[in-house]
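Here is the structure we will look at, set down as structure tokens.
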Amino acid sequence: MKPTLLIVDDERGIVDTMRAYFSPQYEILTAYSGQEAIQKAEKQPDLILLDINMPGMDGLAVCQTIRDHVSCPILFLTARIESSDQIIGFQAGADDYIVKPFDLDELAARIAAHLRREQRRSSPSNLRFFGECVVDYSARTVTVRGGAVPLSRREFDILELLSLNAGQVFDRERIYETVWGIDGEGSSDTVMEHIRKIRAKLAVHTLHSYIETVWGCGYRWNG
């Protein structure tokens, strides 16, 4: 589903130009006055392009009215260039300040950057960093020095168990019961084979031994 932009400006030519430019990538809502902008903001757009200099209810008043009720980025569009005006805009709740006349490609880049930032905020990853190794427990991925480590489901489960409990020693039986369950149809010997495969896959990217053998006891994560 495409993100939704709300474009607010009393100059229809500007609105039409931006709608034509952005419609291939975004769903477009438009408003030509402050009051109409407030009504359209109820649709919860993903980003609002808001002109400041509108007759009647200007962009500052619109922003102050809706800011506590919409969490999306609000980018002011304005011909004002004084730093004091920019400070007032940010204090009103704006996230960015685009001075007219603006380059549409630059505006597009700023919009994309704000939307990426919002996506990161709304979908935080459960990450841990172990030197060159990054484990994303939400996405169930492992990268080392930027290279993806292709682990099977069981291999990731073992790595997850050990890395979430770094420094703690787990014997084969405990790893097997945790990963396969007490009703698993196999033996703890399969843990050795899975750990061998994990080590081999990690070794493609690093010489560091992330899984240590504690002789006579089991394995532990060496982050």
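The values are calculated or read from the model by the stated rules, or taken from the named source; none is laboratory data. Since this is a predicted model, take the numbers as computed values, not measurements. Heads up, the Cβs are rebuilt from the backbone with ideal geometry, glycines too, and the neighbour counts pull from every protein chain shown. SASA here: full protein model, heavy atoms, side chains in, ligands and nucleic acids out. Shrake-Rupley method; radii C 1.70, N 1.55, O 1.52, S 1.80 Å.
Structural remarks
- Residues located in the range 139-162, provided they are in a helix (DSSP H, G or I) and touching a His at 6+ places or on another chain (Cβ under 7 Å): Arg154, Glu155, Ile158
- The set of residues in the range 16-35 being closer than 17 Å to Leu47 by Cβ and not polar (S, T, N, Q) consists of Met18, Arg19, Tyr21, Phe22, Pro24, Tyr26, Glu27, Ile28, Leu29, Ala31.
- Checklist (1) under 26 Å from the mean Cα position of the chain (by Cα); (2) at pLDDT 90 or above; (3) open to solvent by less than 20 Å² (accessible area, probe 1.4 Å) applied to Val70, failing item: (2)
- Qualifying residue in the range 178-193 (condition: touching a residue at least 40 places away in the same chain (Cβ under 8 Å), part of a helix (DSSP H, G or I) and over 31 Å from the mean Cα position of the chain (by Cα)): no
- Of note, Asp157 does not satisfy the criterion of being touching a residue at least 24 places away in the same chain (Cβ under 8 Å) and within 23 Å of Ala203 (Cα to Cα).
- For the range 27-46, the set of residues classified as open to solvent by less than 50 Å² (accessible area, probe 1.4 Å), more than 16 Å from Ala61 (Cβ to Cβ) and out of contact with any helix residue (DSSP H, G or I) (no Cβ under 8 Å at 6 or more places or on another chain) consists of Pro45 only.
- Cβ-Cβ under 7 Å pairs, at least 6 apart or on other chains, the range 35-52 side closer than 15 Å to Gln64 by Cα, far side charged (D, E, K, R) and open to solvent by 70 Å² or more (accessible area, probe 1.4 Å): Ile52/Arg80
- Matching entry among Ser138, Ser83 (being among the hydroxyl-bearing types (Ser, Thr, Tyr), surrounded by fewer than 19 Cβ atoms within 10 Å (Cβ to Cβ) and without any contact (Cβ under 8 Å) to a residue 12 or more places away in the chain): Ser83
- All positions within the range 198-219 that are more than 31 Å from the chain's Cα centre (by Cα) and in contact (Cβ under 8 Å) with a residue 24 or more places away in the chain: Val214, Cys217, Gly218, Tyr219
- For Leu50, the stated conditions hold: it is under 17 Å from Leu115 (Cβ atoms) and either of a type outside the set (Phe, Trp, Tyr) or crowded, with 21+ Cβ neighbours inside 10 Å (or both).
- All positions within the range 1-49 that are of a type in the set (Asp, Glu) and part of a strand (DSSP E or B): Glu27
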